[in-house]
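Let me begin by presenting the structure, written as structure tokens, before commenting on it.
The values are calculated or read from the model by the stated rules, or taken from the named source; none is laboratory data. Computed from a predicted model, the values in this text were never measured in an experiment. Cβ placement follows ideal geometry from the backbone for every residue including glycine, while neighbour counts extend to all protein chains displayed. Only protein heavy atoms, including side chains, enter the accessible area calculation; ligands, DNA and RNA are left aside. Shrake-Rupley method; radii C 1.70, N 1.55, O 1.52, S 1.80 Å.
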Amino acid sequence: MISMEFLLNEDQTLCPSPDISAYIDGELSSRDEIQLEMHIADCRVCRDDLNLQKTFLNALDSSIEAADRIELPADFTKSVVANAESRVSGLRRPHERRKAAFICVSLIMFLLFALGSNAERSLAATGAIAEKLLVLIGSVGHFAYDIALGSAIVFKSLALGFVFDSNAVFAFVLLLLVLSLYLFSRLLGEFRRT
């Protein structure tokens, strides 16, 4: 149920103008609707506001109906996609990154402003979710580290008896290690270029 909030107009009479949009949408109770209709009959400010909102809604409806009648070319989607793809340069320049960071910070500030007094509770819930995600990521990372460490210990214990018994096997393993480090560095170089 929508409560009746009242404002003072220039005649110092009470005006329920915040409820006019609820009246148009049919969201008022029958009692509040009757009270508002009686008030609108006597109040020029509210009557003008009601007519203005109705005019706006009618104009909006007619513009939507006119938009439905517009026929788009058959290749409209393809031309829009091709045009968008040709103009997209990505975030390759530093000033674009600054603009993107500024937009993100502005959106966060707007979100905090929009949340108002609920911001603390919303941020606390977000913080709790982030904390749980960090714990999960940390656990997965710790598990991977433990697996790698265990594998290294097992490999080392197996390799000690196998590698150091023969100089040729030791040289081969050392050559494989150097070759794998070289290939890994090349792979990292390719990854950084892309």
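Would a scan of the range 45-54 turn up a residue that is at pLDDT 80 or above, in contact with an Asp or Glu (Cβ under 9 Å, 6 or more places away or on another chain), part of a helix (DSSP H, G or I) and open to solvent by less than 60 Å² (accessible area, probe 1.4 Å)?
yes
What are the residues in the range 55-99 that are under 30 Å from GLY26 (Cβ atoms), at pLDDT below 75 and open to solvent by 100 Å² or more (accessible area, probe 1.4 Å), if any?
Residues satisfying the conditions are GLU65, ASP68, ARG69.
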